[in-house]
Each structure stands twice: as C-alpha cells, then as structure tokens.
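J.: Please find one structure pasted underneath; my questions will follow.
Read-outs: derived from the displayed coordinates by stated rules, not from any lab. Keep in mind it's a predicted model, so treat the numbers as computed, not measured. As a convention, Cβ positions derive from the backbone with ideal geometry for all residues, glycine included, and neighbour counts pool all protein chains shown.
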Amino acid sequence: MSLEPLDSPDADVVPDRTPEELEALLGDLVVGRDDHLNAPGFVIRPDTVQETLSTLKSEAGYDHLSVVTAQEYENRYESIYHLKKFDDPTQEVSVVVPADKDHPVSESAEPVFRTADWHEREAYDLIGIEYDGHPDLRRILLPETWQGHPLSLDYDQNQPQIASLPAHVNPIQEHHKDAESDTMYLNIGPHHPATHGVLHLKTVLDGEQVVDVESDIGYLHRCEEQMAQNGTYRHQIMPYPDRWDYISAGLLNEWAYARAAEDLADIEVPEYAQVIRTMGAEMCRIAAHMLALATFALDVNGDFTATFMYAINDRERVQKLLEDLTGQRLMFNYFRLGGVVWDLPEPREEFFSNTRDFLDQLPGSVEEYHDLITSNEIFQMRTIDTGILPPEVAKNYGATGPVARGSGVDYDLRRDDPYGYYDELEWDVITEDGCDNYSRLLVRMQEVEESAKIIGQCIDLLEDWPEEERNIQANVPRTLRPDDDAEIYRAVEAAKGELGIYIRSDGTDKPGRFKIRSPCFSNLQTLPEMANGEYIPDVIAALGSLDIVLGEVDR
Amino acid sequence: MSAAPAQLFPEFIAETLGLPGVAGEVVAALIAAFVVGNIVLAFTGVAGPWAKRKITAAFTDRVAVDRVGPFGLLIIPASAVQLLAKELIVPEGVDRPTWDLAPIVLPASALLGFAVIPMGHLGPVNLQLADPEVGLALVFAFASIASVSLVMAGYASNNKYSMLGGLRAVAQNLAYEIPLIVTAMSVVIFAGTLQMSGIVSAQQEVLFTVGGFDVPAWYALVNPFAFVLFLTANMAEIGRNPFDIPEAPTEIVAGYQTEYSSSYFVLFYLGEFVHIFLGGAILAVTFLGGAAGPGPESIGFVWFVVKIWAFFLFTQWCRSALPRVRIDQLIEIGWKGMLVLSFANLVLTAVLVGVIV
C-alpha cells in the first residue's frame, strides 16, 4: 500500500482476504491463532513483528495501525497490534505478540508504523514490555522517576514513589548543552496560554524558528484504563468516558464503550435508542467542534477575539439542548448498555422546536465565522500552507478524524464502519486536500453543518415514531459476565477521530483489560512533522488545529 | 494663512497667576505639565480598567463591569487599588536596575510626547505646553524611546519569553518607524513646517464646499492614501492588533511583560495606553485637523478628545476582530510593502505640491 500513489486509492485496490488467505500470506510467521471477536488474531514470535506488519501493510493493505494494546497474563506478556485499512476499516486483523514473562522483550513496530512510537512507549510505561529497536523507549505518561509499571500484575501500589529528578539522573548520560550552539531551548507549557490544557512542549528554537519540538504528556493521567478495569460492565464504567474528552464530546465517548461492550456481550440496541444516540452524539460533535473553532481563533487572533465568544455562544445553545436531553452539562452519563437511560424530555414538542430553532440559526452562525475568520486575509496568511501534514504522513502516524480528513484522507467510521443510525441517514464525509491548518479548520466547520443535517433527520424520525414502539433500552441482564477470554476492539468516530476500546473479559463482571485508543494521542504525535522548521506562531496554530484534549491524550 | 501664534498654556498660567521672571516661567511650566500629564493619565485611567472592558465586551457579546457605581465606573478606583495592592515579585537573576527602569521609561517617553501636542482650546486656555519649530520630529523621537524600554524589559527579565518579546519589539519598531516618519514627511511637505501648530493651522483651509458646508483641508481628506499608510504604521508602532507581536499572549505568554507584576505591571500598562493616546494625538494633529471641529474654537479640546478616543476605539475594534500576523510576515509587510509605499507617497506628494503650489 505504501508503494502505490495515495491520491488514487482506487487505482490498485488490494483485494480483501479471508483470514485463511492472510495466514497463508504470512506463512511461517504465524505460530498460532488467537482470534478476537472483531478480527482474526495471528500469534507471532516477538522477533518477527516488523516482518509481519510490513507484509500485512504492503501486501495485504493494512495501512492503519489503530492501537497497540499491551497486557500481562499469569504466564506471559502480550502486545496486540490492531490493524485496519484506511480504505475499509471493517477489514481488521490483530497481530498478537506474546513476550517472555521474565524478560518481556518484543521487536518494535516503529520502523513500519511511526505511530507505534508512542503506543509502545505507553506499553512500556504502564505494562513493562521492552521494545527492541525502538528509537526512544522512555516513559511517556508517568514521570521519568516512576518505579514499577502500574498495570503489570505484580505492581505494588504502596511502594513509595518519591524520587527526585536529580536522584534519578544517570551520571554518565551525555550532556546535551552545547556552549557553541546557536539554538535556544524553550519550555512551552505545562502552563502556557495556548497549550489547551497541561501540555508541555520542549522546543528548540533557532531564532524564531522551531528546530525541534517534543511533546511531554502525562500531566493529566488519571489511570482511566485501570479505573475501568475496576468497574462492572453494566453500570460502573459508563461515567468514565465522559471524562476522557471532556470538551462536551461525552456522548461520543460513551458510545465507544457502549459499542465495544454491547458487541462483546451480544446486546442488540433498539432502533429508537439508536436514533436518540445518533442525535445526541452529533450534538456533542457540534459542541466540540465549536470549541475547537473558538480556541483556534484564540490561538491565531490573540486573547480577546470576538470569534471566541461567538463560538462559545453557539456551543452554549447546543449545550442547552444536551442538558435538556441528558440532565447534565458536562458529564452526561446518558448511554446505557442496550440503549439510553431515558427518553426525550417532556414535552417532546418543546424539545423538537428548540432543536429546530438551533438548527435554523446554525447556517447563519457558520456564515458569520466564514466572514470573521476564514475569509479574512490575515487569517488565511497565517493558516494556509502552515502546519503541513501530508496524507501519507498522517496515515503513518495513525491520525484520524478532522486531522486526517484535512489532509485528504477520506476516513470516517460513521460511514466506513457503520454503527448507530448513520447508514440510514443522508450526510457527507467532509475532506479537504490542503493538508494545512486552514483545511483542518474548514473540515470542522463543514462537519458542523453535516452534523446539523443528521440531527435534523433524527428529529424528524423521532417526531413520527409511534408511541408504543419507543423502546429506549434492550433487556440487559443485571450482571454481565462475557465469556472468559473473549477479546474485542471496537471504535467509533468521536469528535477528534477514531476512539477505540479494547476489552478482554476474564469471566468476571469486570474487564480483564480495558484499553483506550485515544484519537488525540495519535494526532498529537504528528506535531513535530507539522512544526519543525516553522515559526513559533505556526507551532501554536498547528497545535490548535490538532484540537487535542489533554484529558483524552493522557487518560 | 498664518494667524498670530496662540498663547501657550505655561504662558497663560504665568500670566494668570502673575508669576514673574525665569523662576515664574519654570513654575508655570511645571504646573502646566502637571495639568496636561494628569489629563492624559485620566484618559488612561478611564480607558484601562473601564472603557477597554466595556468596548471589548460590546464587540464580543458580553456584559462587562456593571456592578460598582453607575455604568460600573467605580471599577476604576477598585481596579487601581487591586493592581497596586498586589505583591511585586522580583524574579531571581533579573538585571537590576535595568529591570526597574524599563517600566518607568515607557510611560515617561509617551507622556513626554504630549509636551508638543496642540490639544486645542478649552475656554480661554490653549492646551499646548510647547510649540518648537521641530515639533513633529520631536514627538516621533519621544515616542520611539518606547522601544528602548521594551528591549530593556525583555533583556533584563532573565526570561526567554521576555527576550523573544524584546527582540520582536525591536524588529517591529525598526520596520515601522521608517514608513511612519516618511509618511509624516508628506504632511510636512504639504504644510511646509514641522511646527505642530503650523501643521494644524494649515489644515484649517477650505478644501471644497458641499451644500454650504465647508469641508476643511484635513490631510486625511487631501491624501487618504497617506492617511491609511500612517494609520497602519501607527498601529504597528504602538503594538496593537494585528501587530501586537511583542506581547502575543498565545505565543510568547506576555512577551517583555511576562515577569512584571504589581506596580511595575501597572506602569507598563499605563505606558501602553498613554502610547495609544499619543498615537491617536499624532494622527489627529497630522491628518485630522488637530483640535478643529464644528463650533467655536474654545471647545476645540472636546473635538481633540473625541478624535483620540475614536482612535482608541479603533484599536480596540481591531483587537476584537483581526488575527495577528506572524513576525516574519510583519517584517515583510514593513520592509517590502510599507516602506516602498511610503516613499512612493512621499515622491507623489512632492510632485503634486510642486505642481500645484
């Protein structure tokens, strides 16, 4: 896939293969099968990771490494590479790499997929698997001084964790400061007006130009995966997704968990509930994109721009609708496995007319933003052709969502891997070919309008829904115990991109392993590609156009 | 048309109070300077804590200060107390006394500029402290001292963001000072004098008459091209959007101001506002007929105030609406665009004046 021209993906489509054909393709590389509910799983030896992945990438067309899940069993460590195709994300395959219990070493996939860099660092950080040939295997979420790997089985939570950085420094490590150097090292963040949360950018400047930028993340790490592993499927996990991407994208996140868990436990969601879910999720998308627009305007315009307040006002309108629907403004906790928690608010007519009012005024607002920012010459000067992210690079980094679509990658799980009610509705996937900050903004602004279309259709459907068929929840057992050792990876199109959940059940009512594939995590990894060689203001603009939420990056 | 030079403010005070001799002149000058300085500071006091908030709020669909006093006006003393009551934090490693002097140099330089500004009549009083023959050159000289202050602050703060802000301030001022002054020179060619009162009185002539209403020969009307150039360069000179690059809060935190707090911060803030008003005053004098306006000459000061506040409003409008240009783009606009245009304007004006006069 990497050899063929990317601007014409249909020119030489790699045929979809059955699991058996894939196994034949990989030949001796496969030492066993460990199928997941969503995809065939091939077990390989830890020293053949690069060979296997590059075969799958170049010959079978699996060009999207969605996530790397690592976990520890009683007798082994395991890394799972969840592969997909950007052309057809329903084509999935899992590459399962067991590693030795005493010396968990596995070959790094970084030379094949750039995105593996951060994912493997996270696996090393939290689980303790070492990746051979990784360019920079350091902790990523936890401080450098951390002792132990928190998601490993023998981790001692009570051991003291206070080791100062000086005490931790390796005395024979090379000293990087060079008296003759012309560059300047600058810490942007963790507290800075434009880092959108607690992000720390270690930048090296040559005058005003950025030579190198490295993101230091983990300031907002709250052990979300571990918390989910300690909650029961039925009720205790659902509140957490709201806290990942907390920029009012709550319902989109909840859907990620709902989708994975419902497929795992084989729960059918009533159609009526699917329509409500679709509507609520798109409202969240509008709210999230409005905030992205607002903060991007802040980053480019300066502190007191009118655009920010206007966009926040529009977000407030949709926030009120979400409040009516869910009873909450931020942490909705509205989805349940098998449906939603309650029906539309009464009186229904009022909710419908409020929603329609909002939809009616939205095109006018979007037009106003076009007048204010996208058609402003200074704004165009600042954003067009800055923060370039070519499509091949975006794919290699596993970038998804508006970031990938702004680079012309036509990838949207709502259409390509349908769930909810999306495939019954009329709407379009937006892509822009500019690959720059401006394109990413345009994609978001147009997606807002597409979301409005979806909401409008959902409203029409809900209004005409016969009263006796308004079934908001399927019958779900009080306690869910999926089959022992069932594994599933499911993703939805969240506000920032592909939000995936991997769950391995262990026969109890709590997940054995719960892994979150955060779109922001992968998207943020592309920042150096966009920023190196550009000016400081461009870095800030590129970061704004990535629209990251540190709550989701760090989890 | 050269009217008898109006009596200047210090002379008026000396005469009114009956202060004789050189000592009397000095005392009268000090009193006059004190009055003018306080007028300017009063503008700043209204602008900073109150007008700026109100204007920005109006542009961004918000309600601003309205809890304390009528229209929230008492927020002015409240904010003043609050700002001054804060702790003055002196970071380690700052280069004193440079670090302490920078916040004084900025407002001082801007205030000095008002020494030669003819602010018009208020009743019998002509609010102008001095009217030297090199007035316009002098006011630019005073105004450009401000960049020295920014460099001092940026360099002495021992902070990389401050440093970047200081460097940006120098680059920006170099790029825009020249077009600014060259454009102002076209006004001098029209007026034939550098003296401020001369420039103002040259604009009192009637350009043309529309329906019985005499349109004065304000240089903004005579040469709108020069006016736009001057306005743009002026925005960069005073460092407001879209040229607020030395501060650029979302990029380099607060630039040269980053390490300043409490009274030092207030002084910087004050200096910036005085600078905006000075920019407005220069604009009013060179292009908008100074204190001229409908009504008797004795309310000229009112018109002058209206003009500089209009300029202030304009800066706040830009702040709410315009994106910030990038530093390299700014330099490019300055050296490749504005400089060429301002020289073109100068030559054009010289030819026009040569042909017509």
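J.: How large is the Kirkwood hydrodynamic radius of chain B, counting all unique pairs of alpha carbons, in Å?
T.: Computed over chain B, the radius equals 21.4 Å.
J.: For a quick check: sort A:222, B:67, A:285, B:53 by the number of other beta carbons within 10 angstrom, fewest at the front.
T.: Ordered from fewest to most neighbouring Cβ atoms within 10 Å, A:222, B:67, A:285, B:53 come out as B:67, A:222, B:53, A:285.
J.: Where does chain A land at 222 nm, in deg cm²/dmol rounded to the nearest 500, when only DSSP H runs of n ≥ 4 count, each adding -39500 (n - 2.57), divided by all residues? Write down the numbers at each step before the final one.
T.: Values: 18 runs with 206 residues, N = 555.
That calculation yields -11500 deg cm²/dmol at 222 nm.
J.: Expressed in nm to one decimal, what extension gain is obtained for the pair residue A:323 and residue A:163 from 0.36 nm per residue of sequence separation less their Cα-Cα distance?
T.: Gain on extension, residue A:323 to residue A:163, equals 53.1 nm.
J.: OK, next. What is the distance, in nm, between label points placed 7 Å from the Cα along the Cα-to-Cβ direction at residue B:302 and at residue A:138?
T.: Computed distance between label sites residue B:302 and residue A:138 equals 6.7 nm.
J.: Then there's this: To the nearest 20 debye, what is the magnitude of the charge dipole of region A:28-178 about its Cα centre, counting +1 on the Cβ of each Lys and Arg and -1 on the Cβ of each Asp and Glu?
T.: In total the dipole reaches around 260 debye.
J.: Given A:85/A:496; A:202/A:496; A:57/A:395; A:101/A:510; A:85/A:453; A:496/B:160, which pairs have Cα atoms separated by over 21 Å?
T.: Working: A:85/A:496 19 Å; A:202/A:496 24 Å; A:57/A:395 12 Å; A:101/A:510 24 Å; A:85/A:453 28 Å; A:496/B:160 33 Å.
Pairs exceeding the cut-off: A:202/A:496; A:101/A:510; A:85/A:453; A:496/B:160.
J.: Still on this model: What FRET efficiency comes out for residue B:145 versus residue B:82 if R0 is 25 angstrom and r is the Cβ-Cβ distance? Round to the nearest 0.05.
T.: Plugging the Cβ-Cβ distance into 1/(1 + (r/R0)^6) gives 0.25.
J.: In a shell of Cβ-Cβ distance under 15 Å around residue B:123, excluding residue B:123 itself, what net charge do Lys and Arg (+1) and Asp and Glu (-1) give? Write out the running numbers ahead of the final one.
T.: Working: positive: none; negative: B:15, B:297.
Every neighbour counted, the sum reads -2.
J.: Sequence gap at least 6, Cα distance under 8 Å: using those rules, report the relative contact order of region A:277-318 to the nearest whole percent.
T.: Across region A:277-318, relative contact order equals 48 percent.
J.: Set the Förster distance to 41 Å, then compute FRET efficiency between residue B:7 and residue B:344 from the Cβ-Cβ distance, nearest 0.05.
T.: So, using R0 = 41 Å, E works out to roughly 0.50.
J.: I would also like to ask the following. By counting other Cβ atoms within 10 Å of each Cβ, how are B:88, A:53 ranked from fewest to most? Each step should come with its number before you reach the end.
T.: Details: B:88 12, A:53 23.
So the ranking, lowest neighbour count to highest, is B:88, A:53.
J.: 222 nm [θ] for chain B, helices only, -39500 (n - 2.57) per DSSP H run of 4+, per residue, to 500? Let's see the in-between values first.
T.: Numbers: 15 runs with 224 residues, N = 357.
Result for chain B: -20500 deg cm²/dmol, rounded to the nearest 500.
J.: A follow-up question, please. Ratio of Rg to Rh for region B:22-92, alpha carbon only, Kirkwood?
T.: Here Rg/Rh amounts to 1.18.
J.: In whole Å, what is the distance between the alpha-carbon centres of region A:257-326 and region A:460-492?
T.: Using only Cα atoms to place each centre, the spacing works out to 21 Å.
J.: Test of the criteria: in region A:289-377, which GluC sites (Glu not before Pro) are in a DSSP loop and have at most 13 other Cβ atoms within 10 angstrom of their Cβ?
T.: Numbers: sites: A:316, A:323, A:349, A:350, A:367, A:368, A:377; in loops: none.
In loop regions of region A:289-377 (DSSP not H, G, I, E or B), there are no sparsely surrounded GluC sites (Glu not before Pro).
J.: Let me ask you something else. Given points 7 Å out from each Cα along the Cα-Cβ axis, report the residue B:214 to residue B:38 separation in nanometres with one decimal.
T.: Label at residue B:214, label at residue B:38, 3.6 nm between them.
J.: Evaluate the Debye formula for region A:451-545 with equal point scatterers sitting on the alpha carbons, no solvent, and hand back log10 of I(q)/I(0) at q = 0.14 Å⁻¹, in q order, two decimals.
T.: -0.87
J.: Could you work out the local net charge near residue B:221, counting Lys and Arg as +1, Asp and Glu as -1, over the other residues with Cβ closer than 13 Å to its Cβ? Please report the intermediate quantities before stating the final value.
T.: Working: positive: none; negative: B:205, B:214.
Net charge around residue B:221: -2.
J.: Report the Stokes-Einstein translational diffusion coefficient (µm² s⁻¹, integer) for chain A, Rh taken as the Kirkwood radius over Cα pairs, at 20 °C with viscosity 1.002 mPa s.
T.: Translational D for this selection: 89 µm²/s.
J.: Output needed: percent of Cα pairs per 10 Å distance bin for region A:335-465, bins running from 0 to the one holding the longest distance.
T.: Histogramming region A:335-465 at 10 Å steps yields 11, 31, 32, 19, 7, 0 percent.
J.: Still on this structure, please answer the following. Would you please state the base-10 log of I(q)/I(0) at q = 0.12, 0.20, 0.22 1/Å for region A:279-393, with intensities from the Debye formula using one equal scatterer on every alpha carbon?
T.: -0.55, -1.07, -1.19
J.: List residues of region A:333-363, by number, whose backbone nitrogen lies under 19 Å from a label position 7 Å along Cα→C-beta of residue A:235.
T.: Once the point is set 7 Å along Cα→Cβ of residue A:235, A:333-343 turn out to lie under 19 Å by backbone N, inside region A:333-363.
J.: Between region B:131-172 and region A:233-256, how many Å separate their Cα centres?
T.: 52
J.: Let me ask another. If you build the convex hull over the alpha carbons only and average its shadow over all orientations, what do you get for region B:226-277? Give it in nm² to one decimal. Provide the component values of the computation, followed by the final result.
T.: Values: hull surface 15.0 nm².
It is 3.8 nm².
J.: Would you mind calculating the relative contact order of region A:295-409 from Cα pairs under 8 angstrom and at least 6 residues apart, reporting the percent as a whole number?
T.: 20
J.: For region B:111-268, taking Cα atoms only, what is the radius of gyration to one decimal and the Dmax to the nearest whole Å?
T.: According to the Cα coordinates of region B:111-268, Rg and Dmax are 18.8, 63 Å.
J.: Could I have the simple spin-label model distance between residue A:433 and residue B:96, label points 7 Å from Cα toward Cβ, reported in nm to one decimal?
T.: 6.3
J.: Turning to a different aspect of this structure: Percent relative contact order of chain A, based on C-alpha pairs within less than 8 angstrom and at least six residues apart?
T.: Taking the mean separation of contacting Cα pairs over the length of chain A, I get 17 percent.
J.: Only loop residues by DSSP count here, and only those with at most 15 other Cβ atoms within 10 Å; note down the GluC sites (Glu not before Pro) in region A:37-97 that meet that.
T.: A:74
J.: Taking 30 Å as R0, compute the FRET efficiency from the Cβ-Cβ separation of residue B:352 and residue B:313 and round it to 0.05.
T.: 0.40
J.: GluC sites (Glu not before Pro), restricted to region B:120-210: which are DSSP loop and have at most 16 other Cβ atoms within 10 Å?
T.: Those satisfying the criteria are B:133, B:205.
J.: Which whole DSSP H helices in chain B pass both tests: a Cα extent of 18 Å or more along the axis and a mean Kyte-Doolittle value no lower than -1.0? Don't skip to the end; give the middle numbers.
T.: Values: long enough: B:21-46 (38 Å, 2.04); B:98-113 (23 Å, 1.24); B:135-156 (32 Å, 1.92); B:160-191 (45 Å, 1.09); B:224-237 (19 Å, 1.30); B:262-287 (37 Å, 1.60); B:300-321 (32 Å, 1.11); B:339-356 (25 Å, 2.53).
Taking the DSSP H segments of chain B (at least 18 Å long, mean hydropathy at least -1.0), we get B:21-46, B:98-113, B:135-156, B:160-191, B:224-237, B:262-287, B:300-321, B:339-356.
J.: In region A:68-111, if every C-alpha pair distance is counted and binned at 10 Å from zero, what percent goes to each bin?
T.: Whole-percent P(r) values from 0 Å outward: 26, 45, 22, 7.
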